[in-house]
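Working notes, beginning with the structure itself.
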Amino acid sequence: MSALLEARGLTAFYGDFQALFGIDFAVEPGEAVAIIGANGAGKSTFLKALTGLLPAAPECVRFEGAPIGGLRPAEIVRRGIAMVPEGRRLFPSLSVEENLMIGAHAGRAGPWSLRRVYELFPALEPLRAHPGNAISGGQQQMAAIGRALLANPRVLICDEISLGLAPLVVNAIYNSFPVMLREGLTLVVVEQDVGIAQRATHRLYCFQEGRVALQGQSGALTRDSISKAYFGT
Amino acid sequence: MLGGLYALFAMGLALMFGVMRLVNIAHGDCIVLAAFVAIGLALALPGAGPALLLAMVLPLMFAAGYVLQRGVLNRTLGKDILPPLLVTFGFSVILQNVLLEIFSADPRSLSAGGLESLSFALPGGIAVGWLPLVTFVAALALALALELLFARTRLGRAFRATSDDPEAAQLQGIDHRHVYALATALAFAVITVAGIFLALRTTVAPSDGPAYLLYAFEAVIIGGLGSFWGTLAGGLVLGVAQAIGFRLDPGWGILVGHLAFLVMLMLRPQGLFPRTRD
């Protein structure tokens with residue numbers, strides 16, 4: 001019962017199509033947990049159910065002990081879960097700095113401020129007046145993470161932050177993770193890059209066709225076992 | 001200075017479309033509604049000046065806009081463009097008939113105690129009417145206020161973000177249902193100002209709404225989407241075009257306005273001052 005964020009028997013549907021078949025998932029305070037899996041395995045669907053973008057049964061998702069399944073996304077952010085969405089989704093009508101500021105819309109108190117985000121991602125400060133979509137992919141990713149941090153969440157969820165970025169840029173972004181963890185954040189990352197997922201997290205779940213096919217300590221899982229779970233052999 | 005009035009007409013329409021991509025077919029009828037509410041109050045409270053009437057009608061229309069959006073129009077928003085058009089069209093029909101029932105078809109107007117016919121002389125022998133000047137100043141002030149609201153305030157950022165990507169906006173803790181309702185409430189407040197200036201300037205009848213929707217729409221398109229300064233400019237251009245037309249021949253006024261709109265669509269469809277997004 002001590003898990004900060006957990007899912008129990010979580011199912012999810014897109015209309016008549018069932019995408020998740022009873023997911024059990026838990027993350028403790030201060031942990032970094034990865035979710036890996038092939039395209040269509042249900043990773044993003046799982047995140048949508050966690051963050052309220054997809055309906056879920058109330059008891060199937062619990063945060064700080066309270067059921068949050070089916071709550072509206074804005075309410076879930078207010079309670080302390082923020083997501084960096086797949087594809088960044090910065091707002092083009094807002095400048096980089098305004099994009100960061102809108103992250104704080106929910107008004108939660110915490111250690112993250114505009115200044116602290118610029119300290120974490122110094123590359124963003126000279127770009128603060130640029131429109132949200134007029135910066136490079138790596139810069140957009142940093143801005144999207146900064147925007148989510150400004151919600152001062154307890155749990156930060158990152159959906160495929162390495163997508164479309166050069167390895168050097170991805171490494172630089174993942175280097176910010178220890179700082180976040182030191183600030184008391186709990187991290188859930190969905191990753192396509194299995195190597196980075198293993199290196200950057202404590203534990204790892206592998207999804208396959210809407211089910212958890214494998215879970216364990218990130219450092220202890222062998223490539224072979226991950227491969228089997230990933231592809232479902 | 002018909003342009004100031006048309007700019008006021010257009011701003012509410014531009015606001016709702018800018019935030020929600022919602023074209024309110026009942027927009028002109030809502031302006032007429034605001035005018036008639038003010039006229040009705042003026043009948044009940046003889047001696048109440050337009051400023052007092054504005055102060056009384058504003059909160060009513062603001063609340064009505066919020067409830068309308070939150071209760072009805074939010075449900076029509078989605079991928080299909082048709083539902084909001086159909087619902088607001090129905091609303092337009094209902095409004096006109098309700099006003100007809102209550103007020104009959106007689107045109108009515110508001111009085112500002114003679115202000116509406118006053119003028120003062122500028123050097124060079126030009127006489128400027130007080131009411132058109134005040135209308136223009138009101139349009140200018142409103143354009144400035146709306147631009148500042150959108151550019152500098154937390155609500156304005158929420159408006160822009162929700163307009164860009166409602167789902168991502170929700171992920172930042174923005175309640176999009178509330179934001180949309182506030183946008184319509186604000187639009188209705190602007191509509192109230194427009195309605196009262198309209199009733200001061202001319203007589204209003206229950207069936208006048210659709211014509212005003214057309215002028216508002218033309219002003220928005222001429223001015224360009226995405227900027228309230230553009231909407232102000234569009235209103236002024238339309239007003240000037242109609243004034244030129246009236247000068248040529250009393251029957252041509254409105255037509256020249258429409259022609260100006262068509263010319264703008266042919267030569268520069270994005271309008272005078274479009275603010276490109278995405």
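The values are calculated or read from the model by the stated rules, or taken from the named source; none is laboratory data. All values derive from a computational prediction rather than experimental measurement. Every residue, glycine as well, gets a Cβ built from its backbone with ideal geometry; the counts of neighbours run over all protein chains shown. These area figures cover heavy atoms from the full protein model, side chains too; ligands, DNA and RNA do not enter into them. Shrake-Rupley method; radii C 1.70, N 1.55, O 1.52, S 1.80 Å.
At a Förster radius of 25 Å, what calculated FRET efficiency corresponds to the Cβ-Cβ distance of B:M266 and B:I244, to the nearest 0.05?
Working: r = 18 Å, r/R0 = 0.74.
Rounded to the nearest 0.05, the efficiency is 0.85.
Using only helices, what value at 222 nm comes out for chain A when you add -39,500 (n - 2.57) per DSSP H run of length 4 or more and divide by the total residues, to the nearest 500 deg cm²/dmol?
Numbers: 9 runs with 74 residues, N = 233.
Roughly -8500 deg cm²/dmol at 222 nm, from the helical runs in chain A.
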Within the protein assembly as shown, what percent of beta bridges assigned by DSSP are antiparallel, to the nearest 5?
-> 60
What is the interface area between chains A and B, defined as buried accessible area summed over both chains with a 1.4 Å probe, reported in Å² to the nearest 100?
-> 2200
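Using 0.36 nm times the number of residues separating A:A172 and A:E125, minus their current alpha carbon distance, what extension gain do you get?
Values: separation 47, 0.36 × 47 = 16.92 nm, distance 1.61 nm.
Net length gain for the segment: 15.3 nm.
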By a straight-distance test (C-alpha under 23 Å), which lysines pair with B:K79 as possible cross-link partners, with residues fewer than eight away in the same chain excluded?
-> A:K48
As a Kirkwood estimate from alpha-carbon pairs, the stretch A:165-212 has a hydrodynamic radius in angstrom of 12.0
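Tell me the mean residue ellipticity at 222 nm calculated for chain B from its helices only (DSSP H runs of n ≥ 4, each -39500 (n - 2.57), averaged over every residue, nearest 500). It would help to have the intermediate numbers written out before the result.
Working: 11 runs with 194 residues, N = 278.
Using -39500 (n - 2.57) per qualifying helix, the result is -23500 deg cm²/dmol.
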Along the stretch A:69-85, Karplus-curve 3J(HN,Hα) (6.51, -1.76, 1.60; θ = phi - 60°) to the nearest Hz, with x for Gly and Pro, reads x, x, 5, 5, x, 4, 5, 5, 5, 4, 7, x, 10, 10, 10, 8, x
Among B:A158, A:S218, B:A10 the positive-end extreme of the charge dipole of the protein assembly as shown (Cβ point charges) = A:S218
Determine one quarter of the surface area of the Cα convex hull of the stretch B:156-276, which equals its mean projected area, and express it in nm² to one decimal.
-> 9.0
Cα to Cα, under 20 Å, and not fewer than 8 places away if on the same chain: which aspartates and glutamates meet these conditions relative to A:K228?
-> A:D24, A:E191, A:D193, A:E209
For the stretch A:167-233, what relative contact order do you get, as a whole percent, if you take Cα pairs closer than 8 Å and at least 6 residues apart?
-> 22
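Using only C-alpha atoms and all pairs of different ones, pull out the Kirkwood radius for the stretch A:107-178 in Å with one decimal. Walk me through the intermediate numbers first.
Values: mean 1/r = 0.0785 Å⁻¹.
Hydrodynamic radius (Kirkwood, Cα pairs) of the stretch A:107-178 is 12.7 Å.
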Phi to ³J(HN,Hα) by Karplus 6.51 cos²θ - 1.76 cosθ + 1.60 over the stretch B:130-147, Hz, x for Gly, Pro = 5, 4, x, 5, 4, 4, 5, 4, 4, 4, 4, 4, 5, 4, 4, 4, 5, 4
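Find how much the distance from A:R199 to A:T233 grows on full extension, using 0.36 nm per residue of separation minus their present alpha carbon separation; answer in nm with one decimal.
Numbers: separation 34, 0.36 × 34 = 12.24 nm, distance 2.43 nm.
Difference between extended and current length: 9.8 nm.
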Going through the stretch A:1-83, which GluC sites (Glu not before Pro) have at most 15 other Cβ atoms within 10 Å and a DSSP loop state?
-> A:E64
Compute the long axis of helix B:82-103 from its Cα atoms, compare it with the longest principal axis of the Cα atoms of chain B, and write down the angle in degrees, 0 to 90, nearest 10.
-> 40
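Eigenvalues of the Cα gyration tensor times 5, then square-rooted: what semi-axes does that give for chain B, in whole angstrom, largest first?
29, 23, 18
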Accessible surface of the protein assembly as shown [probe 1.4 Å, protein heavy atoms]: carbon and sulfur percent = 63
The base-10 log of I(q)/I(0) that the Debye equation returns for chain A at q = 0.08, 0.15 Å⁻¹, one scatterer per C-alpha, is -0.27, -1.00
Under Stokes-Einstein, with the Kirkwood radius over Cα pairs standing in for Rh, what whole-number D in µm²/s applies to the protein assembly as shown at 20 °C and 1.002 mPa s?
-> 84
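Between B:I126 and B:R275, what's the calculated FRET efficiency when r is the beta-carbon distance and R0 is 60 Å? Round to 0.05.
Working: r = 34 Å, r/R0 = 0.57.
My answer for the efficiency is 0.95.
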Residues B:A151 and A:S136, FRET efficiency given R0 of 22 Å [Cβ-Cβ distance, rounded to 0.05] | 0.30
Give the whole-number value, in cubic angstrom per residue, of the convex hull volume spanned by the C-alpha atoms of the stretch A:1-61.
-> 82
5 angstrom amide H check on A:L214, placed H, neighbours 5+ away | A:C206
Karplus-derived HN-Hα couplings along the stretch A:172-177 (A = 6.51, B = -1.76, C = 1.60, θ = phi - 60°), whole Hz, x at Gly and Pro | 4, 5, 5, 5, 7, 4
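Taking all pairs of distinct Cα atoms, average 1/r, flip it, and tell me the Kirkwood hydrodynamic radius of the stretch A:150-233 in Å to one decimal place.
Values: mean 1/r = 0.0723 Å⁻¹.
About 13.8 Å for the stretch A:150-233.
I need to check one value: relative contact order of the stretch A:116-233, counting alpha carbon pairs closer than 8 Å and at least 6 residues apart, in percent. Please list the in-between numbers first.
On the way: 109 pairs, mean separation 20.8, N = 118.
Contact order relative to length: 18 percent.
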